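A short write-up of the structure that comes next.
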Amino acid sequence: MTNSVRVERTGPNGSVNLARPDVHNAFDASVIAELAATFAGFDREAPTALRAVVLAGDGPSFCAGADIAWMRAAMQLDVEGNEQDAMAMAEMFETIDTCAVPVVARVQGAALGGGMGLCAVADVVIAESGARFGFTETRLGILPAVIAPFVIAKIGETHARALFPGGRRFDAARAQRIGLVHELVEGEPALDAAVEAAVADILAAGPTAARAAKAIVREVRGLGHGSTKWHTARVIARQRTSPEAQEGFRAFAEKRPPAWLPDGEA
């Protein structure tokens, strides 16, 4: 492991910072491997041990996509070598997408190419209003292939068809309109405050309920109506009978904070 990714923990919260500000946090093989390993580790943690993760980038940009030097080296590989390279990136995005822990992305400066993929696999995306976005791969003669499944699930086919081929950069307001970004704020102090508020919302929810609520969005994707009915009924039945739900309803009836709420958050 290198120092390309910095992981910090504060109580039940975690943060993952891309730590290559000199190249605007562009991906290379080490970043991909570290992100995959980090989020795979998060996925194994108990719901009460890790309840929210903030994904951010050091310096002026969130993530400017793939590192040009790394891509130039990949150009020298044969088709099989490039497939292995691309598969490692695809598995990294899938690991973040399927991670049980809710993920909040803090976006400033630029989110381009693979940075758009990170936005797509985060659950909550909060951006500074001056941030710029773009599926810029075609401007280099390649295409946004690996991120496509995650991005299309997030913004829909119509926006992907409009934005993928030309590679034009666009502003944060358009990113919000198409569903890639959920909240816009002015300035980085406001960005930090909005991220803290999003994390506080997650911490206000029951730890297993928050994870189950995240998971059900993915679980019902592609299911038929009948299968969806049975699956959702089973999920809510299990949660209703859990100790967490019993505590939540008791706390509500007794007009007190539930036991899972962090100290000082009542």
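Please treat every number below as a calculation from the coordinates, not as lab data. Keep in mind the model is a prediction, meaning the values are calculated, not measured. Neighbour counts run over all protein chains shown; Cβ positions are idealised from the backbone, glycine included.
Structural remarks
- Cβ crowding within 10 Å ranks K255, K154, K214 as K255, K214, K154, fewest other Cβ atoms first.
- Spacing of the modelled spin labels on A33 and A209, each 7 Å from Cα toward Cβ, amounts to 4.2 nm.
- Cross-link reach list, lysines versus K154, counting only Cα pairs under 17 Å and skipping chain neighbours closer than eight places: K214
- Contact order relative to length of the range 1-147, as percent, for alpha carbon pairs under 8 angstrom and 6 or more apart: 24
- Added length on full extension, which subtracts the Cα-Cα distance from 0.36 nm per residue, D22 to H231: 70.5 nm
- Dividing the mean sequence gap of close Cα pairs (under 8 Å, 6+ apart) by how many residues the range 122-249 holds gives a relative contact order of 28 percent.
- For the range 40-59 and the range 236-265, distance of Cα centres in Å: 23
- The value of relative contact order for the chain, using C-alpha pairs under 8 Å at least six residues apart, is 16 percent.
- For K229, a cut-off of 14 angstrom between C-alpha atoms picks up these aspartates and glutamates, skipping any fewer than 8 places away in its own chain: E219.
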